[in-house]
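What follows is calculated from the coordinates using simple rules that are stated; it is not laboratory data. The structure presented is a predicted model; accordingly, all values stated were derived computationally and were not measured. Using ideal geometry, Cβ is built from the backbone for each residue, glycine included, and neighbour counts are taken over all protein chains shown.
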Amino acid sequence: MLKLFSKILTLTTLSFFTAGLTASTTILEDILSGTKDSKTNTTIKAASIKEFPNDQNLTLGYLALCEGTATVSDVIELGTVSKWSHIAMIFCEPSDIKFTAKELSKTNKSKWLCLEANLDQAGNDVHLIPWSTFEEIEKEAAAVVLRPFSYLSDLPDYNQLKIINQYLGVPYEKFITELVGAAFRANTAENHQSLFCSELTALTLQDLGLLTKDACSPDFRFTNNFVPADFSKERPNALHLIGARLGSEMAARPSSAGENRKAFESFTNALRCALQKVCCCSCVQ
C-alpha cells in the first residue's frame, strides 16, 4: 500500500511538473511575442533617494513580499514554486515595528523607506524610495505582505544601515543564468556587479550580521542562491537569522487576487507540497 501511494504521489508530482512546464512555456512565448500585458505604466513623482538619510531614527523594520501579476512575475513564481516574485526591505522608526495586522493598519508610514532591486518606474537598479512610491509601483500586485523583525539584541542603527549606500545604483541582475541558478541554489560564486531583489536582501542581511558570511557554517548560502520565497512562511527552514526573528506575514493592503490568480496560487501551493513530500527537495524547504 505504501509503495502504491508513493507511486501515485510521484505521478501526481510529474503531472504538476508537466503542467507547470506547459504554463511556463506559454508565458515565455508571451514574453517573446509581447502578447501578454505587463504592468500598467505609473507616473512616479518621488525620485530615488541617493543615500541613506542620517537625520532620521530608522532601523530595518520589515521585509515586504509581493505577489506580482506581470509576465516576468509569473515566470519567477512558477520557477521558484511560490506565490512570491519580489522582496524589498523596509526601514522605519523602531516604534513603527508592529506584530499584529490591527496595529500595522494604524501605523503612520509616511517616513518609511524601501530598498529594492527591481525593473520598475523608480529605476532599473538598486534604489531607495519612499514607502508611498513602493505602494504606487506595486498597486497592481495581487498581494503585498510585511514580515516584522524581532531583534534579540540591539537594533541596527544608522552607522550600520548606511552600508546600503554602496549598493544604490547597482544595475538590476544582468545574468539570466544567475537568476535561473538561484531557483535551484546552483550558483557556485557571487557576482555583485548586478543584483536581483532577494540577492540584495540576503547581502544586506549579511552586512548587518543577521546572516552568516562563514562559508564553513552549515547555515551559509551564497546570496545569489536566495529567492523571495526563502524569506516567506512557505519555507520555514530556509532562513537562519542571527540575533533576530521574523514575525507573521501581515497584509499591507487587501488582496486583489481574482479567480484566475487564486487558481494559479493553488497550483503553486499543490506543486510545492508534492515536491516536499516526494523529493524532500532543498529548493522548496
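In terms of other Cβ atoms within 10 Å, K174, K83 run from fewest to most in the order K174, K83.
For K102, the aspartates and glutamates whose Cα falls under 15 Å of its own Cα, not counting residues fewer than eight places away in the same chain, are E249.
When the C-alpha to C-alpha distance is required to be over 18 Å, the pairs from K111/K233; K83/K262; K50/K111; K83/K233; K50/K162; K109/K139 that qualify are K111/K233.
Arranged from fewest to most other beta-carbon atoms within 10 Å of their beta carbon, D230, D157 become D157, D230.
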